[in-house]
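What follows is one structure encoded as structure tokens, with my remarks underneath.
The values are calculated or read from the model by the stated rules, or taken from the named source; none is laboratory data. What you are looking at is a predicted structure, and each value in this text was computed from that prediction instead of being measured. Heads up, the Cβs are rebuilt from the backbone with ideal geometry, glycines too, and the neighbour counts pull from every protein chain shown.
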Amino acid sequence: MLAKLDPLLPARVRQRAGALQAVTVSLGQDPALPDTQVLIGIASACRDRRLLGFGYRDYGGRGSQRLIEPLRLVNYGRRWYLLGWDRDRADWRTFRVERMQSPLQAGEAIALRLPPRDPAAMVRDAIQHSPLPQQFGLSVRLRGSMADLGPRIPSWCGTLEAEQDGHCRLTMLADTLPWLAAQLLTLGVPFAALQADAAVTAGLRSALADLLTQLPATPE
């Protein structure tokens, strides 16, 4: 998306958009963007290694002030996340960008702090272990090895694990049942459900049935 807009931007704006591209990791399809100025402000702080202060609302709506050494922006599914070192909590934290409140305050220059492992993997694990009550989960069994399925299954679909008999297990989480159904449709390979709550299964059937009703009838 940013690459398509780049030739149309003035030089000053193009430089700022370049900051966004330089510090962004993608885990899937382009999500709906939050406020562009917020994204660019975060990206600039990541690129320039500047301390970043901002207000933040957690999933329960509780507000707090954060002082973060920003490292990477990651887009996962439909959302953007910031991975950074939280100075007050002395630990790595993941923040949903749409919950970050303006104005962002870029502060002093900081030294590069290396994460213990891949930033994208850290964000993905944080999302999948999130305590959000509205998340829906499903585990499916896929035929194929990690070497075969790894390049074909988008990272944002879930956690892919090898099994011993030429199959893999994919554990998926989504905040809505239609989005979980979309993940299943994205797989493009046959699957068998392993673990699913009855309500989740019924919701998926309903979501897929609703999709079918919106498609035009096949002409005879």
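Enumerate the pairs (first residue in the stretch 157-170 and free of Cβ contacts under 8 Å to residues at least 60 places away in the same chain; second residue anywhere and among the β-branched types (V, I, T) and outside any strand (DSSP E or B)) with beta-carbon separation below 8 Å, excluding pairs fewer than 6 apart on the same chain, so at least 6 apart or on different chains. Filtered contacts from the stretch 157-170: L160/I153; L170/I153. The residue of the stretch 131-153 that is modelled with the lowest pLDDT, among those that are more than 17 Å from T201 (Cα to Cα) and surrounded by 18 or more Cβ atoms within 10 Å (Cβ to Cβ), is I153. None of T213, T186, T171, T176 is surrounded by 12 or more Cβ atoms within 10 Å (Cβ to Cβ) and more than 11 Å from G137 (Cα to Cα) except T186.
As for the stretch 141-156, it holds at least one residue that is in contact (Cβ under 8 Å) with a residue 24 or more places away in the chain, under 16 Å from the mean Cα position of the chain (by Cα) and outside any loop (DSSP other than H, G, I, E, B).
For L160, the test of being closer than 20 Å to T94 by Cβ, outside any helix (DSSP H, G or I), in contact with a Lys or Arg (Cβ under 8 Å, 6 or more places away or on another chain) and not acidic (D, E) is failed. Among the residues of the stretch 33-65, those identified as in contact (Cβ under 8 Å) with a residue 12 or more places away in the chain, part of a loop (DSSP other than H, G, I, E, B) and either within 16 Å of R96 (Cβ to Cβ) or touching a Cys at 6+ places or on another chain (Cβ under 7 Å) (or both) are L33, P34, D35, D58, Y59.
Looking at the stretch 184-220 only, could you name the residues that are at pLDDT 85 or above and polar (S, T, N, Q)? T201, S206 - these are the residues of the stretch 184-220 that are at pLDDT 85 or above and polar (S, T, N, Q). The set of residues in the stretch 87-109 being crowded, with 16+ Cβ neighbours inside 10 Å, out of contact with any Gly (no Cβ under 6 Å at 6 or more places or on another chain) and assigned to a strand (DSSP E or B) consists of W92, R93, T94, F95, R96, M100, A106.
Just to be sure, is D165 outside the structural domain of R57 (by the TED database), among the acidic types (D, E) and more than 27 Å from D35 (Cα to Cα)? Spelling it out, D165 is indeed outside the structural domain of R57 (by the TED database), among the acidic types (D, E) and more than 27 Å from D35 (Cα to Cα).
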